[in-house]
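One structure is given below, encoded as structure tokens.
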Amino acid sequence: MSERPHTPLLDTVDTPADLRKLKQDQLRQLSDELRTEMIDAVGTTGGHLGSGLGVVELTTAIHYVFDTPTDKLVWDVGHQCYPHKILTGRRDRIRTLRQGGGLSGFTKRSESEYDPFGAAHSSTSISAALGFAMANKMQGRPGRGIAVIGDGAMSAGMAYEAMNNAEQAGNRLVVILNDNDMSIAPPVGGLSAYLARTVSSSEYLGLRSLASRLSKKLSRRVHSSLEKAEEYARGMVTGGTLFEELGFYYVGPIDGHNLDHLIPVLENVRDSEQGPVLIHVVTQKGKGYAPAENSADKYHGVAKFDVVTGEQKKSSGGPPAYQNVFGETLAKLANDDPRICAITAAMPSGTGVDKFAQAHPDKAFDVGIAEQHGVTFAAGLAAEGMRPFAAIYSTFLQRAYDQVVHDVAIQNLPVRFAIDRAGLVGADGCTHAGSFDITYLATLPNFVVMAAADEAELAHMTYTAAEYDDGPIAFRYPRGAGTGVEIPEKLEKFEIGKGRIMREGSKVAILSLGARLEEAKKAADQLEAKGLSTTVADMRFAKPLDTALIEQIMRSHEVVVTIEEGAVGGLGAHVLTYASDEGLTDGGLKVRTMRLPDAFQDQDDPTKQYDEAGLNAPHIVDTVLSALRHNSAGVEEARA
């Protein structure tokens, strides 16, 4: 008789409740199947691979031991949440990751009760988990807060601010430090696993509690000596002194891929009255997939790829990416200007600062996930005569807004802000979209704010910023490849606050800021075909405005449309304010502002996102025609 076909364990698990029905010795097989499923899914969709591969066993163990979703599991950033999604009722949709209408690439509250807190920015997990823990404690309800945070995210001060306030949560808060860099971990093996099990056991914790109570009855000197003896003894074998000082009971390090080590420690922590607890788990990014293990970045973020070979299906050739244009331009400028330096917050390759660092390693600074420090650090450099460029994604610069205002703008320090990922960003969705920087920077006194329409403009703006010493200056540019224009060898220093006319007309004017310029030109072609003479202006500056150009256009055209890749409060709002102050709309001029909608847009193909936002050429044409119809109706009504 032939054997029955093997049924994958993963097919029997739809939720963590199903997972907890398995025997512990089945978890190894389940984890292997989970890893295979994730590799295949990301090969289909692209996304964040290495970080998820590194936490397969940890994800399995947490859901097996803890009572999720009653226990609130918060993943820091969320890059590593794909295995979690597969185990929490979303396996049937896992191949829609980062696609329009599909699963988010991060945790998302609206997606599942197993995602209690949305994330995508770093170092928020401990604060959120503490909030869950304390809310349940105050309301007398069951439920812990469990934060899983990477060693990279521990470079941000917010993590330590949360830990410093965690003591009241007691055993309701568990922090799992996922150390996949070995940067702070001693060797992990049988001895350290034994120690971790021992110091997390109820017997040890009970003895520790008893010893603590007894020592308090002794003299203060003896009590202090005993405390220090235990601290140093445990610090030598575990490295946990820092976390103990912050009020946490430290357990670890333990092998995050060894379920026989993980499960007992997690169970001990779950059942103990000691807390809050920090469990130090060491994992390998890219674990279990050779191409990821052997890659320098462990396949952190990948395009669609061949699962067998690991070869990514990236397009070859074409225009350079904006970030690389910036990095290479800045490196050339620094050859002739020793004052130029660059700061990035844990995104050297994403911002192009890696290109600069290759040429000028002593003038490139990666401050870690610490945008606040990075901005004030740049302010200090500027105050002492350097020409610092703070290269930070638009969505991440939000984290340092107080420093932008207080440390840079108020003091009028010439910090140069290179703002990458301006506008919509496709698969990463609203958490990474650069929607607000025009608004939040152009409202500040002393600031100059530019937006590049193409890669040549970006190179010119980098040079313009380098040469500008009168105060803070920012220039924004989109994600991805440029338009294909040639970058001239000799760069131009732009006159501050001056735009340019791209084509001249007489009836309709389109004032474009940034990368919508090509769509503005397409719209002008379509309007010309309808007999509507159209001017197109590249404003270049959101602040200061080219008021002479605006006044000239408003006094000579019937309809003026502004367009930008930013939220309300940007170029359109500033143009309207100026026009109102100067009375430029009193003669029946129709002004329309086109901007991102007042909504957080989910992930999708960028072209579809801009269609949804109403910022492509057909939408510009419709806006103009609607304004003209409205104007004609008003004229007829007046005549009647």
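The values are calculated or read from the model by the stated rules, or taken from the named source; none is laboratory data. As the structure is a computational prediction, the values presented were derived from the model and not from experiment. All Cβ positions, glycine included, derive from the backbone under ideal geometry; neighbour counts span all protein chains shown.
Here are a few things to note about the model shown:
- All conditions in (1) surrounded by 19 or more Cβ atoms within 10 Å (Cβ to Cβ); (2) in contact with a strand residue (DSSP E or B) (Cβ under 6 Å, 6 or more places away or on another chain); (3) modelled with pLDDT under 95 hold for residue 353, with the sole exception of (3).
- Yes/no for residue 389 being within 27 Å of residue 565 (Cα to Cα), surrounded by 19 or more Cβ atoms within 10 Å (Cβ to Cβ) and more than 19 Å from the chain's Cα centre (by Cα): yes
- Test: residue in the stretch 60-67 that is surrounded by fewer than 24 Cβ atoms within 10 Å (Cβ to Cβ) and either in contact with a Gly (Cβ under 6 Å, 6 or more places away or on another chain) or of a type in the set (Phe, Trp, Tyr) (or both): yes
- Looking only at residues in the stretch 562-594 that are under 18 Å from residue 547 (Cβ atoms) and part of a strand (DSSP E or B), the one that is farthest from the chain's Cα centre (by Cα) is 591.
- Looking only at the stretch 1-24, residues that are of a type outside the set (A, V, I, L, M, F, W, C) and modelled with pLDDT of 95 or more come to 10 in all.
One line per residue, one yes/no per condition, for (1) touching a strand residue (DSSP E or B) at 6+ places or on another chain (Cβ under 6 Å); (2) not assigned by TED's automatic domain parsing to the domain that holds residue 148:
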| site | (1), (2) |
| --- | --- |
| 286 | no, no |
| 310 | no, yes |
| 338 | no, yes |
| 341 | yes, yes |
| 348 | yes, yes |
| 365 | yes, yes |
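Yes/no matrix, rows are residues, columns are (1) within 18 Å of residue 50 (Cβ to Cβ); (2) surrounded by fewer than 18 Cβ atoms within 10 Å (Cβ to Cβ); (3) without any contact (Cβ under 8 Å) to a residue 60 or more places away in the chain:
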residue: 256; (1), (2), (3): yes, no, no
residue: 260; (1), (2), (3): no, yes, yes
residue: 269; (1), (2), (3): no, no, no
residue: 292; (1), (2), (3): yes, no, no
residue: 309; (1), (2), (3): yes, yes, yes
residue: 326; (1), (2), (3): no, no, no
residue: 336; (1), (2), (3): no, yes, yes
residue: 339; (1), (2), (3): no, yes, yes
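- Wholly within the stretch 45-132, helices (runs of 4 or more DSSP H) carrying at least 1 residues that are of a type in the set (Phe, Trp, Tyr): 56-65, 82-85
- Selection from the stretch 421-477 of residues that are among the acidic types (Asp, Glu) and either more than 20 Å from residue 323 (Cβ to Cβ) or modelled with pLDDT of 95 or more (or both): 437, 454, 455, 457, 467, 469, 470
- Number of residues in the stretch 68-102 that are closer than 13 Å to residue 114 by Cβ, hydroxyl-bearing (Ser, Thr, Tyr) and either free of Cβ contacts under 8 Å to residues at least 24 places away in the same chain or surrounded by fewer than 24 Cβ atoms within 10 Å (Cβ to Cβ) (or both) equals 1.
- Scope the stretch 383-416; condition β-branched (Val, Ile, Thr) and part of a strand (DSSP E or B); matching residues: 392
- Single residue of 506, 512 found to be surrounded by fewer than 16 Cβ atoms within 10 Å (Cβ to Cβ), hydroxyl-bearing (Ser, Thr, Tyr) and not in a helix (DSSP H, G or I): 506
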